[in-house]
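Laboratory data are not the source of any read-out in this text; all were calculated from the coordinates shown. Just so it is clear, the model here is predicted, and its values are computed rather than measured. With ideal geometry, Cβ positions are generated from the backbone for all residues, glycine too; neighbour counts draw on all protein chains shown.
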Amino acid sequence: MPEKQPLLKLESICKHFGAIEALRGIDMEIDRGEVVALLGDNGAGKSTLVKIISGGLRPSSGRIVMEGEPQEFASPAEAKAAGIETVYQDLSLCTNADVVANFFMGREITRRYFGIPVLQERAMEAVVAQAMADGGTNIPSLRTNVEHLSGGQRQAIELNRFVHWGGKLVLLDEPFAALGVEQTRRGLEMIRHVAARGIGVVVITHIMAQAFQVADRIVVVRHGQVAGDVRTDETTTDQVIDMITGGSLSGAGKGRE
Ligand SMILES: Nc1ncnc2c1ncn2[C@@H]1O[C@H](COP(=O)(O)OP(=O)(O)OP(=O)(O)O)[C@@H](O)[C@H]1O
Ligand SMILES: [Mg+2]
């Protein structure tokens, strides 16, 4: 595989729901270790796009190319197997199980004694402790049931789990919507941490300051099309607002639709 292949490339992705054209020819790329913030007004098509990337929806047309290979994800499980996953705050964690159980869910370490598989709890706990340490996450006890943890802690567990099991691209749809100031700050830090380990991150947010704080690049979606694809350090908030609303920096008199 040539070195220059982006982690993920979207080519002319379209999606319609009956007569509604949610996405109308989206082209974008995401590199390893890059954080891309997806911005856009309500109904612009952000969640639809993220669902298409993570296998929750099939595009009506267009191509998803991962590391140079065209992909057709028929389900989130297929995308996950390719290393792409959406991380939700708590939806995919089992609240009445502890951190270790959630981390290993379906991948438990067992040894057979007289033919009966026995969980290797100590070994699993050590793996989880290491993964949390690698992610800079401090969870008081790995034996705490997830229901007693905060939204931010759950997110951190999910991200660490994702990285540990070989994830390549993680998608976050408004990950901080329900979090407080301090939890959000830690979440943003966590995103940078994950990207620093070579993982691509796409994060949807409505909060401009968060996008500028965490992202290398901002992609603006408007009416199902890419209205802007800019480097954060070369862009101003006003420019991005104009991309979102369809305004024009140069002309106050220019009509908006
Ligand atoms: N399952 C669906 N069936 C019909 N229409 C849909 C469906 N999902 C999304 N849409 C429509 O597609 C368009 C894009 O929706 P989408 O949820 O992707 O927007 P969004 O950018 O995530 O908005 P928000 O910021 O409000 O979350 C909207 O017009 C929406 O009503
Ligand atoms: Mg949405």
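Treat the count of other C-beta atoms within 10 Å as a stand-in for reagent exposure and order Cys94, Cys14 from fewest to most. Numbers along the way, then the final one.
On the way: Cys94 13, Cys14 16.
So the residues, fewest neighbours to most, are Cys94, Cys14.
Helix-only estimate, please: 222 nm mean residue ellipticity of the chain, summing -39500 (n - 2.57) across DSSP H runs of length 4 or more and dividing by its residues, to the nearest 500. Working shown, then result.
On the way: 8 runs with 80 residues, N = 257.
Value at 222 nm, helices only, nearest 500: -9000 deg cm²/dmol.
Which aspartates and glutamates does Lys46 reach when only Cα atoms under 12 Å apart count, and residues fewer than 8 places away in its own chain are ignored?
Asp173, Glu174
Only four residue types carry charge here, +1 at the Cβ of Lys and Arg and -1 at the Cβ of Asp and Glu. Report the dipole size of the chain about the Cα centre in Debye, rounded to the nearest 20. Mind dumping the intermediate values first?
On the way: 27 positive and 32 negative charges, 82 e Å.
Using Cβ point charges on Lys, Arg, Asp and Glu, the chain gives about 400 debye.
Under a straight-distance cross-link criterion of Cα-Cα below 18 Å, which aspartates and glutamates are reachable from Lys4, leaving out those fewer than 8 residues away in the same chain?
Excluding near neighbours in sequence, the set is Asp27, Glu29, Asp31, Glu34, Glu67, Glu69.
Label Glu11 and Thr95 with points 7 Å out from Cα along Cα→Cβ: what is the distance between them in nm?
Going by the 7 Å Cα→Cβ label model, 4.4 nm.
Relative contact order for the stretch 31-168: what percent, with Cα pairs under 8 Å and sequence separation of 6 or more? Mind showing how you got there, number by number?
Numbers: 136 pairs, mean separation 33.1, N = 138.
Relative CO of the stretch 31-168 lands at 24 percent.
Kirkwood Rh over alpha-carbon pairs of the chain, then Stokes-Einstein at 4 °C and 1.567 mPa s: what D in µm² s⁻¹, rounded to an integer?
On the way: Rh = 19.5 Å.
Translational D for this selection: 67 µm²/s.
If one takes the longest principal axis of the Cα atoms in the chain, at what angle in degrees, from 0 to 90 and to the nearest 10, does the Cα axis of helix 181-196 lie?
That helix lies at roughly 90 degrees to the long axis.
Select from Leu57, Val203, Thr95 the residue farthest towards the positive end of the dipole of the chain; place +1 on Cβ of Lys and Arg, -1 on Cβ of Asp and Glu, and compute about the Cα centre.
Highest projection toward the positive end goes to Thr95.
Compute the projected area of the convex hull of the Cα atoms of the stretch 38-161, averaged over all viewing directions, and report it in nm² to one decimal place.
Numbers: hull surface 42.3 nm².
The orientation-averaged projected area of the Cα hull of the stretch 38-161 comes to 10.6 nm².
Expressed in whole Å with the largest first, what are the equivalent ellipsoid semi-axes of the stretch 83-130 derived from the C-alpha gyration tensor as the square root of 5 times each eigenvalue? Each step should come with its number before you reach the end.
Numbers: eigenvalues 115, 27, 24 Å².
Taking √(5λ) for each Cα gyration eigenvalue gives 24, 12, 11 Å.
Give, in nm to one decimal, the length gained when the segment between Ala123 and Asp229 is fully stretched (0.36 nm per residue of separation minus the Cα-Cα distance). Provide the component values of the computation, followed by the final result.
Values: separation 106, 0.36 × 106 = 38.16 nm, distance 4.50 nm.
Extending this stretch completely gives an extra 33.7 nm.
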